[in-house]
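A.B. asks: Next up is a structure, given as structure tokens.
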Amino acid sequence: QVQLVESGGGLVQAGGSPRLSCAAAGRTFITYDMGWFRQAPGKEREFVAAISWSGGSTYYADSVKGRFTFSRDNAKNTVYLQMNSLKPEDTAIYYCAADRGVSKLRRGTGDYWGQGTQVTVSS
């Protein structure tokens, strides 16, 4: 069992660089690959990024590639999403998820999900 809690969202100006965190409770965190997803109003949830359990491999959606960086600190049971050069279209609720398999995360599935954190980008 893994419990996930996101934080770091809020109102940000376009071009801003907030960092989202997702803290995990559970001894098995290190065995899970992790993902970030987002859901904008009126739209379906979409994949944003994934990271392997070791942190050695990362994957990004084309829409955020080059602007977002996904990292993890297994000693702190926490993953981070550094978001740079934010655009109004990045406005969404951001969710982190855990699963054993990056390919599953990239397809949009996850064994465990956080409650989400709202990111609103003003122009």
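A.B. asks: Could you check the spin-label model distance between residue 69 and residue 122? Points 7 Å from the Cα along Cα→Cβ, value in nm.
C.D. replies: Each label point is offset 7 Å from its Cα along the Cβ direction, giving 2.7 nm.
A.B. asks: Roughly how many Å² is the accessible area per residue of the chain, as a whole number, for a 1.4 Å probe?
C.D. replies: I get 50 Å² per residue for the chain.
A.B. asks: With a sphere of radius 14 Å drawn around the Cβ of residue 61, what net charge do the other residues whose Cβ falls strictly inside it have (Lys, Arg +1; Asp, Glu -1)?
C.D. replies: Around residue 61, the surrounding residues sum to +3.
A.B. asks: Now for a separate question. By the scheme Lys and Arg +1, Asp and Glu -1, what is the net charge of all other residues having a beta-carbon under 10 Å from that of residue 40?
C.D. replies: Residues near residue 40 contribute -1 overall.
A.B. asks: Oh, and also: Go through region 20-123 and name the GluC sites (Glu not before Pro) that are in a DSSP coil and have 12 or fewer other Cβ atoms within 10 Å of their Cβ.
C.D. replies: Those satisfying the criteria are 44.
A.B. asks: Using unit Cβ charges (K, R positive; D, E negative) and no other charged atoms, how large, in debye to the nearest 20, is the dipole of the chain about its Cα centre?
C.D. replies: 140
A.B. asks: Separate question: When the chain is fully extended, how far beyond the present Cα-Cα distance does residue 43 get from residue 104, taking 0.36 nm per residue of separation?
C.D. replies: Additional length available on full extension: 19.9 nm.
A.B. asks: Run the reach check for residue 87 against aspartates and glutamates, Cα to Cα strictly under 17 Å, same-chain hits fewer than 8 apart removed. What comes back?
C.D. replies: Residue 87 reaches 46, 62.
A.B. asks: Take the solvent-accessible surface of the protein heavy atoms, probe 1.4 Å, and return the percent of it on the chain that carbon and sulfur atoms account for.
C.D. replies: 46
A.B. asks: What is the distance, in nm, between label points placed 7 Å from the Cα along the Cα-to-Cβ direction at residue 5 and at residue 27?
C.D. replies: The answer from the label model is 2.1 nm.
A.B. asks: Within a Cβ distance under 12 Å of residue 97, other residues only, what is the Lys/Arg minus Asp/Glu net charge?
C.D. replies: +2
A.B. asks: Here's a follow-up. Using 0.36 nm per residue, how much length does the chain from residue 61 to residue 19 gain when fully extended, once their Cα-Cα distance is taken away?
C.D. replies: That pair, residue 61 and residue 19, stretches by 13.4 nm at full extension.
The values are calculated or read from the model by the stated rules, or taken from the named source; none is laboratory data. It should be emphasised that the depicted structure is a prediction, and the values quoted were computed from it without experimental measurement. Positions of Cβ are backbone-derived with ideal geometry, glycine not excepted, and every protein chain shown enters the neighbour counts. Side chains are part of the model used for accessible areas, which takes the heavy atoms of the whole protein and leaves out ligands, DNA and RNA. Shrake-Rupley method; radii C 1.70, N 1.55, O 1.52, S 1.80 Å.
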